[in-house]
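Peer 1: Structure in structure tokens, see below.
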Amino acid sequence: MKDIAIIGFGNQAKAWALNLRDSGWEVRIGLRPTSTSIVKAREMNFEIFDYTQANNQNNFAILTPDDTHFDVVKSIANYNSKATFIYAHGFGLLYTELRTQFNQANHLLLAPKAIASELRFQYETKGKNGGVYSFEGLNDLS
């Protein structure tokens, strides 16, 4: 089974989590222990984990505010050095710095061209969504 850890649980992360789960992915939600989103994620039947504690994830979607991306990746504990990190926003990617600091990991940009509610609606109705993506440096997303 394909698995992914989504870090954050705002509007975009909820849409991604539901769409991926409905597509057969095993989705875990990584949050801080003090996050107000824990209750909502649990109500939606997602497994929650503290992303700063030990974990064995290989695939991460970093769906936190742009200015937190570097610190979030830096604080993720014990990820596989060949892990794949997916970012939904290009402004916060800081690609050069992330590639330099975390050069063994894959860094991808997959930016949906829709707000979260539209992203979910298009998935549920089998509509079409556009996206901007960059798979530079991708080894294998398992």
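Peer 1: Out of the residues in segment 99-114 that are at pLDDT below 80 and exposed (fewer than 13 other Cβ atoms within 10 Å of the Cβ), state the one that is nearest to the chain's Cα centre (by Cα).
Peer 2: K113
Peer 1: May I pose another question? Give F60, F9 a once-over and let me know the one that is surrounded by 14 or more Cβ atoms within 10 Å (Cβ to Cβ) and in contact with a helix residue (DSSP H, G or I) (Cβ under 7 Å, 6 or more places away or on another chain). Before you say what the answer is, go through the steps one by one.
Peer 2: Details: F60 fails: in contact with a helix residue (DSSP H, G or I) (Cβ under 7 Å, 6 or more places away or on another chain).
On inspection, the qualifying residue turns out to be F9.
Peer 1: Please determine whether any residue of segment 118-135 is modelled with pLDDT under 85, in a strand (DSSP E or B), open to solvent by less than 70 Å² (accessible area, probe 1.4 Å) and of a type outside the set (A, V, I, L, M, F, W, C).
Peer 2: yes
Peer 1: Checking H89 against (1) in a strand (DSSP E or B); (2) at pLDDT below 90; (3) within 24 Å of Q122 (Cβ to Cβ), which test does it fail?
Peer 2: So H89 meets the others, but not (1).
The values are calculated or read from the model by the stated rules, or taken from the named source; none is laboratory data. What you see is a predicted model; the values in this text were computed from it and never measured. Virtual Cβ from ideal backbone geometry, glycine too; neighbours counted across all protein chains shown. To get the accessible areas, we keep the full protein, side chains included, count just its heavy atoms, and leave off ligands, DNA and RNA. Shrake-Rupley method; radii C 1.70, N 1.55, O 1.52, S 1.80 Å.
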